[in-house]
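Quick note: the coordinates plus some simple rules give every number you see, no bench work behind them. Note that the structure is predicted; figures quoted are calculated from it, not measured. All Cβ positions, even for glycine, are placed from backbone atoms using ideal geometry, and neighbour counts span all protein chains on display.
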């Protein structure tokens with residue numbers, strides 16, 4: 001089933017970490033295999049923020065084996081060495097969990113694709129997000145569990161999107177969890193509710209064009225699809241409109257960039273979305289109760305129609 | 001309402017507006033004698049007094065708790081209940097088989113007023129997906145917008161949305177009337193079997209896709225017709241009915257119904273021969 005939620009404050013910042021946690025927790029009945037946040041925090045914009053993992057959170061009942069922390073340490077060490085080789089200086093380092101890290105990097109990135117490829121060539125390492133504002137945090141469990149684990153409730157920023165996942169066609173693990181980073185574009189993230197039926201065909205085409213997939217989750221296709229469109233010069237909105245026919249299946253998805261938030265709904269309108277829009281706030285989610293967690297008063301909401309694409313700026 | 005005693009059996013359901021085709025052969029329709037109405041009752045229904053009014057704040061209640069309390073109030077004879085702070089909760093007001101005036105001061109989430117038979121409901125807000133699914137009788141009025149699958153599989157009653165609705169409005173409906181003051185999304189009337197849908201605004205793609213029967217009236221633009229949905233002549237009788245219905249619904253009273261489009265099933269997609277599968281097999 002899955003639930004998605006997003007909000008954008010226009011002209012001001014707010015406690016988006018706490019707000020999104022409330023929205024996603026309201027949707028936990030739609031799935032709590034994993035929960036993910038894409039938070040666009042207030043930063044000075046000087047350094048890149050890289051969220052990455054050096055291992056998986058192996059949940060209870062999984063046939064996978066939890067790796068020893070020493071393995072993570074070794075991978076982290078190689079990441080640090082690789083960054084140093086590329087001339088990147090780690091300004092700040094946080095290791096929330098043994099397998100999950102956050103680096104602030106002082107580095108004049110000329111080619112984010114090459115940078116990412118070098119980091120991800122290290123076995124077991126995956127960049128969850130890269131940007132000057134975006135931070136993708138995702139892990140197993142419901143919204144509150146993930147929020148508490150990563151102390152997200154105090155994050156202040158302008159906008160955010162998130163996902164409460166009920167795993168159906170790929171594993172219960174972090175790499176299959178949403179949001180997906182729009183690799184290799186700085187500050188682009190995607191969450192999706194639905195099912196894409198031309199995933200493999202599109203994946204083969206996009207991989208032949210040099211795009212990268214990290215999971216076998218169909219939703220990742222949206223991030224890669226949009227990234228490829230933008231790489232070829234399309235605007236975000238143009239890419240999203242193309243996706244209405246380029247992607248087959250049922251979907252409602254959100255995409256966020258450094259300064260915008262967009263939604264797209266397939267031509268069959270098979271997946272739910274409720275939207276609230278005012279001059280200073282746009283909030284949307286799979287169900288109205290998500291919006292009610294940040295706006296408990298009586299408000300006017302509506303369902304976007306089939307084939308609708310909307311983009312808002314901060 | 002038609003006089004059931006004087007109308008021939010063949011056209012009883014037709015005269016009630018339930019369908020347009022002439023049924024032949026085997027049918028599972030049951031015709032009840034109105035004189036025996038007191039013999040037909042639901043278990044767990046109550047005698048209520050519409051003048052006995054109360055309010056219920058459900059802000060801190062779960063949906064089951066709220067529904068249980070509504071039932072409890074009906075058992076005490078309250079015939080008018082005002083629900084405060086529904087706050088988009090799902091499944092509020094489901095399964096009410098009573099005559100009741102129910103007023104929601106706010107919006108409902110999914111499945112609001114599902115499987116009801118008899119209540120008169122006013123929702124001073126918005127509703128989420130599948131509002132009034134399987135409504136059998138009564139009237140539900142929504143003052144703002146509604147989500148997708150509005151009035152899915154309703155069998156009777158009037159379902160009115162003064163704003164716009166999402167996709168698949170009236171999917172699989174088997175009777176009753178759905179009235180939309182604004183626009184409607186894709187696949188409106190998808191696989192509908194009987195009943196009527198009135199849309200005063202525009203409607204999305206695939207209108208009436210694979211409909212078996214029933215009638216759709218559209219006041220605005222149509223995105224596209226679905227499979228087997230075809231235009232039909234808007235008769236004087238249709239216009240009179242539309243005027244009456246819109247007046248009763250307190251919506252679009254001054255709307256020029258003469259310019260509405262009427263869409264019905266082309267009846268090319270299905271075979272209504274009334275044979276059971278085993279009988280078909282024998283015939284082959």
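With contacts taken as Cα pairs under 8 Å at a separation of at least 6 residues, segment B:43-283 carries a relative contact order of 9 percent. Using a/c under 1.5 as the rounded threshold, could you call chain A rounded, prolate or oblate? The axes a ≥ b ≥ c are square roots of the C-alpha gyration tensor eigenvalues, and prolate needs a/b larger than b/c, oblate otherwise. Here chain A falls in the rounded category.
Annotation for residue A:148 and residue B:115: the two label points, set 7 Å from Cα along the Cα-Cβ direction, are 3.5 nm apart. Placing a label point 7 Å from the Cα of residue B:49 along the Cα-to-Cβ direction, the residues of segment B:88-108 with a backbone N closer than 17 Å are B:99-101. Taking the C-alpha atoms only, the angle from helix A:199-208 to the longest principal axis of chain A is near 50 degrees. Peptide B:186-192 has a mean of 2 when you count, residue by residue, the C-beta atoms of other protein chains within 10 Å of its C-beta. Dividing the mean sequence gap of close Cα pairs (under 8 Å, 6+ apart) by how many residues chain A holds gives a relative contact order of 26 percent.
Averaged over peptide A:301-310, the number of partner chain Cβ atoms lying within 10 Å of each residue's Cβ comes to 6. Between the alpha-carbon centers of segment A:111-152 and segment B:160-188, tell me the distance in whole angstrom. Here the answer is 43 Å between Cα centres.
Return the equivalent ellipsoid semi-axes of segment B:43-283 as a descending list in whole Å, where each equals the square root of 5 times an eigenvalue of the C-alpha gyration tensor.
Details: eigenvalues 211, 89, 50 Å².
So the three semi-axes of segment B:43-283 are 33, 21, 16 Å.
Rounded to the nearest 0.05, what FRET efficiency do residue B:250 and residue A:113 give with R0 = 60 Å and r taken as the Cβ-Cβ distance? Could you check? For R0 = 60 Å, the calculated efficiency reads 0.50. Averaged over the residues of peptide B:83-93, the number of Cβ atoms from other protein chains lying within 10 Å of each residue's Cβ is 3. Placing a label point 7 Å from the Cα of residue A:212 along the Cα-to-Cβ direction, the residues of segment A:90-133 with a backbone N closer than 15 Å are A:110-131.
Taking the mean number of other Cβ atoms within 10 Å as a proxy for protection, how do you rank B:178-187, A:232-241 from highest to lowest?
In descending order of packing, they fall as B:178-187, A:232-241.
With one equal scatterer per alpha carbon and no solvent term, the Debye-computed log10 I(q)/I(0) for segment A:138-261 at 0.12, 0.17 1/Å reads -0.44, -0.88.
If you average the C-alpha positions of segment A:165-204 and of segment B:200-218 separately, how far apart do those two centres end up, in angstrom? Spelled out, the Cα-based centre of one part sits 35 Å from the other. Our Cα-only numbers for the protein assembly as shown put the radius of gyration and Dmax at 27.5, 94 Å.
Restricting to segment B:43-283, what percent of DSSP beta bridges are antiparallel, rounded to 5? Each step should come with its number before you reach the end.
On the way: 8 of 49 bridges.
DSSP beta bridges in segment B:43-283 are roughly 15 percent antiparallel.
According to the square roots a ≥ b ≥ c of the eigenvalues of the Cα gyration tensor, what is the shape class of segment A:251-314, taking rounded for a/c under 1.5, prolate for a/b larger than b/c otherwise, and oblate for the remainder? Let's see the in-between values first.
On the way: a/c = 1.99, a/b = 1.17, b/c = 1.71.
Because a/c hits 1.5 or more and a/b fails to exceed b/c, segment A:251-314 counts as oblate.
Ranked by the mean number of other Cβ atoms within 10 Å of their residues, highest first, the peptides A:293-300, B:168-175 come out as B:168-175, A:293-300. Can you give the % of DSSP beta bridges in the protein assembly as shown that are antiparallel, to the nearest 5? Of those bridges, close to 65 percent are antiparallel. Taking the longest Cα principal axis of chain A as reference, the axis of helix A:220-231 is set at about 90 degrees. The distance separating the Cα centre of segment A:238-314 from that of segment A:65-95 comes to 37 Å.
For segment A:1-142, what does the alpha-carbon gyration tensor say about shape, rounded, prolate or oblate, given a ≥ b ≥ c as the root eigenvalues, a/c under 1.5 as rounded, and a/b over b/c as prolate?
Working: a/c = 2.40, a/b = 1.16, b/c = 2.06.
Taking the square roots of the gyration eigenvalues as a ≥ b ≥ c, segment A:1-142 is oblate.
Here the calculated FRET efficiency for residue A:170 and residue B:243, from their Cβ-Cβ distance with R0 = 45 Å, stands at 0.25, rounded to the nearest 0.05.
Using R0 = 41 Å, the C-beta based FRET efficiency linking residue B:82 and residue B:236 works out to 0.50.
Our helix-only sum for the protein assembly as shown, with -39,500 (n - 2.57) per DSSP H run of n ≥ 4 divided by its residues, gives a mean residue ellipticity at 222 nm of -6000 deg cm²/dmol. Spacing of the modelled spin labels on residue A:44 and residue B:221, each 7 Å from Cα toward Cβ, amounts to 5.2 nm.
For a quick protection proxy, order the peptides A:255-261, A:70-76, B:86-92 by their average other-Cβ count within 10 Å, most packed first.
On the way: A:255-261: 22.4, A:70-76: 16.3, B:86-92: 24.6.
Ranking, from highest mean packing down: B:86-92, A:255-261, A:70-76.
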